[in-house]
Structure formats: C-alpha cells, structure tokens
1. Looking for whichever is more than 16 Å from the ligand (Cβ to nearest atom), small (G, A, S) and at pLDDT 95 or above here; the options are A103, A2, A15. Which one fits?
2. Those residues that are buried (at least 20 other Cβ atoms within 10 Å of the Cβ), closer than 24 Å to L23 by Cα and modelled with pLDDT under 95, I need them from segment 298-342; list them, please.
3. Among the listed residues L97, L116, identify the single one that is within 10 Å of the ligand (Cβ to nearest atom), modelled with pLDDT of 95 or more and not polar (S, T, N, Q).
4. For segment 43-63: of the residues being open to solvent by less than 40 Å² (accessible area, probe 1.4 Å) and in contact with a helix residue (DSSP H, G or I) (Cβ under 7 Å, 6 or more places away or on another chain), which is nearest to the ligand (Cβ to nearest atom)?
5. Can you go through R172, R208, R186 and tell me which one is surrounded by fewer than 17 Cβ atoms within 10 Å (Cβ to Cβ), modelled with pLDDT of 95 or more and under 18 Å from A270 (Cα atoms)?
6. Filter segment 131-152 down to the residues that are in contact (Cβ under 8 Å) with a residue 24 or more places away in the chain, surrounded by fewer than 20 Cβ atoms within 10 Å (Cβ to Cβ) and within 16 Å of the ligand (Cβ to nearest atom) and list them by number.
7. Pick from R243, R284, R219: which is at pLDDT 95 or above and open to solvent by 30 Å² or more (accessible area, probe 1.4 Å)?
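The values are calculated or read from the model by the stated rules, or taken from the named source; none is laboratory data. All values reported here derive from a predicted model rather than from experimental measurement. Don't worry about glycine lacking a Cβ; one is built from the backbone with ideal geometry, like all the others, and counts go over all protein chains shown. The accessibility values were calculated without ligands, DNA or RNA, using every heavy atom of the protein model including side chains. Shrake-Rupley method; radii C 1.70, N 1.55, O 1.52, S 1.80 Å.
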Amino acid sequence: MAIAAPIPEIMHPDAPDSVVARLRDKHGRAITDLRVSITDRCNYKCVYCRTGESGAQYAELSIADYLRMIREFVGLGIEKVRLTGGEPLLRKDILTLIHELRAMRTLDGDPLDIALTTNGHLLAKLAQPLREAGLDRVTVSMDAVDPTTFARITRVPGSYGKVLAGVRAAKRAGLEPVKVNCVLLRGFNDDQIVEFAKFSRDEGVIVRFIEFMPLEEGRVWSPDVVVPLREIVTRLNEFMPVRTLEANTVSETARRYTFADGVGEIGIIAPVSQPFCGHCSRIRLTSDGKIRTCLFSQSDHDLYGVLARDGSAEDARDFIVRTVEHKEARHHIGEPGFLKPSRSMVHIGG
Ligand code: SAM
C-alpha cells in the first residue's frame, strides 16, 4: 500500500500565529474529501440497494447543523464536499446549504470543490438553481438506459424520462463534467454496458461503472453478481477499442478510458476486484451527524452529539482529528470473516 510520510502540521495562511493540523490518518493518508448525507429519505427503492419495505431509519439535521460541522472539517483541510443521501434533492433547503458552502475557503484560501450525487429524479427543475447557488458539478446515478429496465430497478414508473431530463438540464446549466454512475449486477443490467458506452458518446457525459459492493439493505450481494473491471473492458472493446486516459489525481477512484476515436469517456470504479484503499482520501458524515471513516466501518462516531452537548468548535475539531486517525487501513470484501458494515449504503451516503 503506497502511503506518504506524515506531515502533521502546517501554518494556516489566514492565521499566521496559529498552527493548524491537516487531517491525516495513522496510515499517513491525507483526508481532503468529505461526503455529507443530508437526508436518510429516498424517493427510489432501487432493488439492489433497498428492500423496499422500510423508509428512512435515521434522523436528518438542520442545514445550520451541517454547516457548523462542515466548517470544522474545512478548518482541518477538507477541500471537496460532496452532498448525498438518501436523496439530497428531497431537501428543500439544499440551495441555502450550497450557497453557504460557496462562501467557505480551504486552508489554502481556495473555494471548495462542491459536488452532488443524486438519482436525478428532481434535477431537471433544480439544475440551474443549484448552479446559481454555487454547485460545481453533479453525478447522476442511472443503472440502465432503457426505460423498462430502469423502472424495474428504481420501482418508480416513468423514472427514466425524468432522470434523462435531469442529466440534460445539468449539462445545460454547466454542472460539468456531468458524470453518470451505473452499478452493474450480473444477469440484471450487464446487458447495458454497450448501451451506456453509446449514451456517453451521444450525451457527452462521463459514464462510470461501479462494481457492486456488499452494502445493500437486504441480501443480494455475492461475488458472482459482481461484474469485474476486466470483463467490462472486454465488453467495451468488443463494441469499439478503448484506450486508457491518465488519472486526474492520485486518489481518483475510477480508471478512465475513451474510445479509439476519442469520443466518450468511461470510468470504472473497481473497489471489489482492484481496491484503492491505499489512496483513500474520503471521510463521511451521515444525515444524523455521525462520522464514518470507511464505507465498511462497524461503528460510527457521533460528531453531532459533541456539539449537541454544548461542545465548542475546538471540541468538535479534536473529536474529528482523533476519529480520522483511526480510519481503517482497507476493506475486507471477499475475505473469510468479512462482516457487513453497521449501515447500508443508502443510510451512509454514497
Ligand atoms: N440518492 C442518491 C443517488 O441515487 O445517487 C445518493 C445516494 S445513493 C445510495 C449513492 C450511490 O450509491 C448510487 O449511485 C447507488 O447506485 C450507489 N450504491 C448503492 N448501493 C450500492 C452498492 N451495494 N454497491 C455500489 N454502489 C451502490
């Protein structure tokens, strides 16, 4: 596992007399990327994600509470904030949140990189207001580009047209690059690989295939259901030869490809067949204000509880630093004794 030497302290440019710690775990990984779930509710019941029998299980907090916590993370070196859920566009006050995030500055004095992960159902109307509030870019989850399969997966009739309109509105609003994430399940939607390749080329979006992880509410996952990176590349090559593109950053999760003619971009995120934990720069905050140091953590850490008990900003920062230090080295998917995490994906915030 490639791990950089620890650099625990730097000077904050705006506060030359104080020394500010940048978040780094005990394995030497710099933590710069925060994902915040702003609601546990979702308007889709994707069959590989939710059982369809239960709704939200955890509380959601006020926008002011999320801002208070995010501010402390940013003061410790977070540079990217991704809003997620549940379904984040169900929060009416998301525009206020983004507007406030836009005004924050990283430790280097730069604006935050603000991104959103959404199922896109409500995006057509919201894309332009989100852009105006200060959102940089959007990732839309789509597990098929065929309306019938799409509705079968989401369990919401007519959902495909809404999401397609959302993707197009996001492009028009300049929420670029628009990324479309597809979780592939063997025998279920793996016939969509080539269709998604065409979609990327026709719509001018980056399509990213994600290997299915054991993070579902029910019991769907097995190694056989995972469509691994190598197989996806083979299928793409059968459609049209692909060539690799350089990674944008060392902690980028996706392997990037384009086609021989340079049109279209495909990313493959392969946490199961080719894990990238050694370069993980992420930390998560759940809708009820708990820190999760890994998608596969067995417990979470109650940051909101620190503040609710009248903790100061300093208490919150100490709590964050101590929690991040103990971030897990890696996940153990597929190994004997693997335990599913204490929350499933929809209740963590993907
Ligand atoms: N509702 C938003 C959305 O649909 O993008 C945000 C939350 S959703 C849980 C975030 C992402 O997690 C979606 O792209 C979904 O496909 C993905 N996801 C859910 N369960 C997964 C699993 N078991 N393995 C990999 N990705 C998963």
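1. Details: A2 fails: at pLDDT 95 or above; A15 fails: at pLDDT 95 or above.
That would be A103, the only listed residue that is more than 16 Å from the ligand (Cβ to nearest atom), small (G, A, S) and at pLDDT 95 or above.
2. H331, P341
3. On the way: L97 fails: within 10 Å of the ligand (Cβ to nearest atom).
Every option except L116 fails the conditions.
4. C49
5. Criteria check complete, one pass: R186.
6. Across segment 131-152, the qualifying residues are R137, T149, R152.
7. Working: R284 fails: open to solvent by 30 Å² or more (accessible area, probe 1.4 Å); R219 fails: at pLDDT 95 or above.
Matching residue, one of R243, R284, R219: R243.
Residue-by-condition table, conditions (1) among the basic types (K, R); (2) under 19 Å from the mean Cα position of the chain (by Cα):
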{"residue": "P241", "(1), (2)": "no, no"}
{"residue": "T244", "(1), (2)": "no, no"}
{"residue": "V250", "(1), (2)": "no, yes"}
{"residue": "T253", "(1), (2)": "no, yes"}
{"residue": "Q274", "(1), (2)": "no, yes"}
{"residue": "C277", "(1), (2)": "no, yes"}
{"residue": "I283", "(1), (2)": "no, yes"}
{"residue": "R292", "(1), (2)": "yes, yes"}
{"residue": "F296", "(1), (2)": "no, yes"}
